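See below for the structure under consideration.
The values are calculated or read from the model by the stated rules, or taken from the named source; none is laboratory data. Worth saying up front: this structure is predicted, and the values here are computed from it rather than measured. Cβ placement follows ideal geometry from the backbone for every residue including glycine, while neighbour counts extend to all protein chains displayed.
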Amino acid sequence: MRAQYQIRKASGRDLPGICEIEAASFGQEAYDCKLFADYLRKCGALFLVAERAGNICGYLIACLRGVSAELVSVAVAPELRGRGAASALLENLMCRLRRRGAARLHLVVRVDNRPARAFYEKQGFRRLRRVPGYYEDGVDGVAMTRSIL
């Protein structure tokens, strides 16, 4: 049985825990904590955390632009991966986007991140194209999309 998570909007008090998960997940490629504060202001209603027993287990950031949304980042604490937190975050996001009238959700994932690509494919995303040199270290990205409706 998968663990149950409370999914809620992130707040400023969550940023230290989010930054910890980010650093553990992405190492040198991790976003700066100041960027998370910016996303909290810009995309607040779609900046979500997964919580269990009062601890933040993961986060997801999406931004809505018209009828399209972009999944900016999602991460789960490494020791808690594979227990449904990312799926719970994405499911909650999809409900929020439907209520806002969004039609599509887009993302870019590293071409060499096979576990993330497999997760997104399992969640109904399809590959659109390869994006050469998308990441700062020169690694290509894979643009993916899925319907929200």
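Where in region 68-149 are there strands (runs of 3 or more DSSP E), lying wholly inside it, with at least 3 residues that are modelled with pLDDT of 95 or more and among the β-branched types (Val, Ile, Thr)?
Output list reads 68-76.
When you go through Arg52, Arg65 one by one, which is the residue that is basic (Lys, Arg) and more than 15 Å from Ile21 (Cα to Cα)?
Criteria check complete, one pass: Arg65.
What's the number of the only condition in (1) part of a helix (DSSP H, G or I); (2) at pLDDT 95 or above; (3) surrounded by 13 or more Cβ atoms within 10 Å (Cβ to Cβ) that Cys43 fails to meet?
For Cys43, the failing item is (2).
Select from region 111-133 the residues that are out of contact with any Ser or Thr (no Cβ under 9 Å at 6 or more places or on another chain), touching a residue at least 12 places away in the same chain (Cβ under 8 Å) and surrounded by 17 or more Cβ atoms within 10 Å (Cβ to Cβ) and list them in ascending order.
Arg117, Tyr120
One line per residue, one yes/no per condition, for (1) within 14 Å of Asn92 (Cβ to Cβ); (2) within 13 Å of the chain's Cα centre (by Cα):
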| residue | (1), (2) |
| --- | --- |
| Phe36 | no, yes |
| Tyr39 | no, yes |
| Phe47 | yes, yes |
| Glu51 | yes, no |
| Ile56 | no, no |
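Quickly run through region 37-89 and pick out the residues that are of a type in the set (Lys, Arg) and within 20 Å of Tyr120 (Cβ to Cβ).
Matches in region 37-89: Arg65, Arg81, Arg83.
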